[in-house]
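These notes concern the structure reproduced below.
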Amino acid sequence: MDNLNKTNQLLEDGVFKFKNRYIIYSLKKKDSNKLFIVFSGLDSTPGFTRMSYYGLRDTLDGNVLHIKDNFGAHGCYLLNISGDNQIRNVVLALIREALLQLNISKENLYLVGTSKGGTTALAFGMMLGFGNIIAGEPQIKIGDFLFGKGWETAEYFKSIAYAMLGRIKDEDREPLNNKFEEIIKQYGSRFKGNVEILTGLNTLYLENHINYFIKYAKENGIKDSAISIKTLDIDKHDDIVEPFLRKLDEFSLNYTSSISC
């Protein structure tokens with residue numbers, strides 16, 4: 001494993017080790033005081049688990065760190081592997097190491113992603129206690145998402161549940177639904193960052209997921225001024241990609257550039 005740097009000096013492409021756990025990352029360093037962490041959405045092709053929005057490494061005016069969610073055939077939100085949440089500590093250690101090595105302030109950290117990646121961005125922003133989070137239609141009720149209508153025949157939904165819990169049982173809907181609420185209850189009161197969520201008016205994500213985030217945030221002391229919910233006239237969940245990229249275009253080297261993902 002040649003790209004495993006035992007000193008944890010971050011490479012352009014490497015494997016980060018923390019307490020006998022490993023995670024794959026890709027880092028594009030630039031002469032900038034900003035760091036963007038890009039989390040992966042759902043790759044529907046089994047086993048590929050590609051890093052989402054990889055083109056952002058070339059267009060964003062900042063250092064860009066992609067973190068690969070390659071646990072199971074479709075990932076695990078980087079939250080649990082077979083019921084064990086230690087993967088969270090590896091991701092947190094990697095982010096902190098990147099901030100340290102690149103000399104980035106907490107105020108200039110951005111955690112971004114859509115769908116599964118948006119959930120991960122929100123979760124790790126809460127756990128860190130800081131950062132500017134930009135999330136496109138994140139799943140807050142993970143259990144309802146994975147065990148929704150037709151889940152029995154949806155290979156990728158079952159795969160994620162299996163990766164997270166080590167089993168596939170409908171009774172695990174509520175434990176998975178509680179994952180994000182547990183995180184915000186534990187860490188939300190000390191969160192000092194900002195959250196911007198993009199969601200469609202006609203996708204049911206506002207009712208089924210985003211409103212729960214607003215509720216949990218209010219219950220756990222996150223200021224209303226720290227949260228911005230932007231509603232969009234889109235009909236399908238996949239349509240969130242374009243407005244998400246337009247939002248990130250505000251941070252591009254060329255504001256009018258076209259981004260490929």
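The values are calculated or read from the model by the stated rules, or taken from the named source; none is laboratory data. The shown structure was predicted, so the numbers you read here are calculated from the model rather than taken from an experiment. Methodologically, a virtual Cβ is constructed for each residue, glycine included, from the backbone with ideal geometry; neighbour enumeration extends over all protein chains shown.
Residues that are among the charged types (D, E, K, R), at negative phi, modelled with pLDDT of 95 or more and not in a helix (DSSP H, G or I) do not occur anywhere in the range 98-106.
If GLU171 passes every condition in (1) surrounded by 13 or more Cβ atoms within 10 Å (Cβ to Cβ); (2) without any contact (Cβ under 8 Å) to a residue 12 or more places away in the chain; (3) assigned to a helix (DSSP H, G or I) but one, which one does it miss? The single condition GLU171 does not satisfy is (1).
With in a helix (DSSP H, G or I), farther than 25 Å from GLU107 by Cβ and of a type in the set (A, V, I, L, M, F, W, C) as the only criterion, which of PHE157, PHE213, PHE180, PHE124 stands out?
Details: PHE213 fails: farther than 25 Å from GLU107 by Cβ; PHE180 fails: farther than 25 Å from GLU107 by Cβ; PHE124 fails: farther than 25 Å from GLU107 by Cβ.
Matching residue, one of PHE157, PHE213, PHE180, PHE124: PHE157.
With the condition kept exactly as written, say whether any residue in the range 128-143 is free of Cβ contacts under 8 Å to residues at least 24 places away in the same chain, within 30 Å of ASN194 (Cα to Cα) and over 15 Å from the mean Cα position of the chain (by Cα). No, the range 128-143 contains no residue that is free of Cβ contacts under 8 Å to residues at least 24 places away in the same chain, within 30 Å of ASN194 (Cα to Cα) and over 15 Å from the mean Cα position of the chain (by Cα).
Restricting the range 1-29 to residues that are part of a loop (DSSP other than H, G, I, E, B) and within 22 Å of ASP58 (Cβ to Cβ) leaves a set whose member that is modelled with the lowest pLDDT is ASN3.
Taken over the range 216-230, residues that are outside any helix (DSSP H, G or I) and polar (S, T, N, Q) amount to 2. Once the range 140-154 is narrowed to residues that are in a helix (DSSP H, G or I) and among the charged types (D, E, K, R), the residue that is farthest from GLU171 (Cα to Cα) is GLU152.
Inspect all residues belonging to the range 177-189 and state whether any of them is hydroxyl-bearing (Ser, Thr, Tyr), over 26 Å from ALA73 (Cα atoms) and either modelled with pLDDT of 95 or more or under 16 Å from the mean Cα position of the chain (by Cα) (or both).
Checking the range 177-189: at least one residue is hydroxyl-bearing (Ser, Thr, Tyr), over 26 Å from ALA73 (Cα atoms) and either modelled with pLDDT of 95 or more or under 16 Å from the mean Cα position of the chain (by Cα) (or both).
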